[in-house]
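Visitor: Following this message is one structure expressed as structure tokens.
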């Protein structure tokens, strides 16, 4: 109260609680980092760096979940080759380190699911039944590779739910096309100029005969391009997925996106992967049916076929390869059919399966006694028996039915990619290739629905 008796407001001193809290946090972090630096003098640096990376990843997943998913999708197509090279040079720890991309995406998806209260439906129940059965059967046949085998077989689940929890708008699609075109350019450079020498040098190989059979093709004297991914099959599949995205969104894109589309088409061709070519054709048919552009599709197919026959095939020396395919004289194709027949008999004679970690190319890399198979469906059937080979296709069919009801651009793109990807699963167990499935299943998951707003998710803050 002043001299006149009027009440006056005396401002309070600003609260120091917030400043003290921030100072305490900063001091704690600095002390912790100094302690880690001190321990690094006496302990191996790898465990210290690993747990620091884990803590940083947990914070990033909580603070910027969508950004973390975006970074993982960006890195995924470029990660396989460096990982294979480090593994070949004796750095086995890189295998565990490479799993951080799946763990990071899983944590980010978990944060988004908790914040958006994701509603589960029939598709989720089918997937839970499939994974639950796989875990049960694998525990009955448990060995040292059981858990890594389960991860390989169900890697696709993580980007599927990540895609359901974000909205892949046109910004994502545009960025994805340019990133995929960089992978395609590296594949084109590998095919036309530098060859397989850098890859063989990185993998410590001296004889091309030691390369996987997927690098060669009957009637073709050269080697298929693989770019930065695991192999030619994965490279072709990635180019196919990106091309189908472009075909679904081309009406929304400017003319400059014809550049990445052309590069992706080139990458698709030099992968010399027939299943990827067929996937693109089937996906284009799906897009044409869903958008009512059948005439445009026929024109595009006709122009592409004309270019292939008159320019591309003679230039790349693919005449014998195409002729062998048309005449059915391809030994690899015949071997593929024979292998499928043998594995079908195996599934019929093993109704409960043999468990995870002992079937497929990844298992063969770890153990020479593992079972070889050339189909994702049969790999699931061999590992998890009759319930597995029923539940897995049923889940995929449910996804296609769900996508078909979505008439938006993302629904059309998801449907086309789903048809193409599920077709390729007949011919190769690429369901374990994260560089392909991270992109394809994120798109499929977004088309299925249940996502949150992208801009809103970027604004989320750490709760007090």
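Visitor: Could you identify the single residue in 226, 197, 180 that is closer than 23 Å to residue 91 by Cα and modelled with pLDDT of 85 or more?
Guide: 226
Visitor: Of the numbered conditions (1) surrounded by fewer than 22 Cβ atoms within 10 Å (Cβ to Cβ); (2) in contact with a helix residue (DSSP H, G or I) (Cβ under 6 Å, 6 or more places away or on another chain); (3) closer than 26 Å to residue 373 by Cβ, residue 226 fails exactly one; give the number of that condition.
Guide: (1)
Visitor: Any residue in region 221-240 that's at positive phi and assigned to a loop (DSSP other than H, G, I, E, B): show its pairings with residues that are surrounded by fewer than 24 Cβ atoms within 10 Å (Cβ to Cβ) and at pLDDT 90 or above at Cβ separation under 6 Å, as long as the two are six or more apart or on different chains.
Guide: Going by the 6 Å Cβ cut-off, the qualifying pairs are 227/183; 227/186.
Visitor: Could you tell me which residue of region 132-150 is nearest to residue 387 (Cα to Cα), considering only residues that are within 26 Å of the chain's Cα centre (by Cα) and assigned to a loop (DSSP other than H, G, I, E, B)?
Guide: Ranking the qualifying residues of region 132-150, first place goes to 145.
Visitor: What residue, of 392, 426, is surrounded by fewer than 20 Cβ atoms within 10 Å (Cβ to Cβ) and either touching a residue at least 12 places away in the same chain (Cβ under 8 Å) or on the phi < 0 side of the Ramachandran plot (or both)?
Guide: Exactly one of 392, 426 is surrounded by fewer than 20 Cβ atoms within 10 Å (Cβ to Cβ) and either touching a residue at least 12 places away in the same chain (Cβ under 8 Å) or on the phi < 0 side of the Ramachandran plot (or both), namely 426.
Visitor: Report whether or not residue 111 is exposed (fewer than 14 other Cβ atoms within 10 Å of the Cβ) and part of a helix (DSSP H, G or I).
Guide: no
Visitor: Still on this structure: Residue 321 passes all but one of (1) modelled with pLDDT under 90; (2) on the phi < 0 side of the Ramachandran plot; (3) out of contact with any strand residue (DSSP E or B) (no Cβ under 6 Å at 6 or more places or on another chain); which number fails?
Guide: Going through (1) modelled with pLDDT under 90; (2) on the phi < 0 side of the Ramachandran plot; (3) out of contact with any strand residue (DSSP E or B) (no Cβ under 6 Å at 6 or more places or on another chain) one by one, residue 321 breaks only (3).
Visitor: With the requirement that a residue be surrounded by 15 or more Cβ atoms within 10 Å (Cβ to Cβ), without any contact (Cβ under 8 Å) to a residue 60 or more places away in the chain and in a helix (DSSP H, G or I), what does region 191-209 give you?
Guide: If the condition is that a residue be surrounded by 15 or more Cβ atoms within 10 Å (Cβ to Cβ), without any contact (Cβ under 8 Å) to a residue 60 or more places away in the chain and in a helix (DSSP H, G or I), then 200 is the only one that fits.
Visitor: Of all residues being under 20 Å from the mean Cα position of the chain (by Cα) and surrounded by 24 or more Cβ atoms within 10 Å (Cβ to Cβ) in region 261-279, which is nearest to residue 175 (Cα to Cα)? Just the residue, please.
Guide: 264
The values are calculated or read from the model by the stated rules, or taken from the named source; none is laboratory data. Keep in mind it's a predicted model, so treat the numbers as computed, not measured. Reconstructed Cβ throughout: ideal geometry from the backbone, glycine too, with neighbour counts over all protein chains shown.
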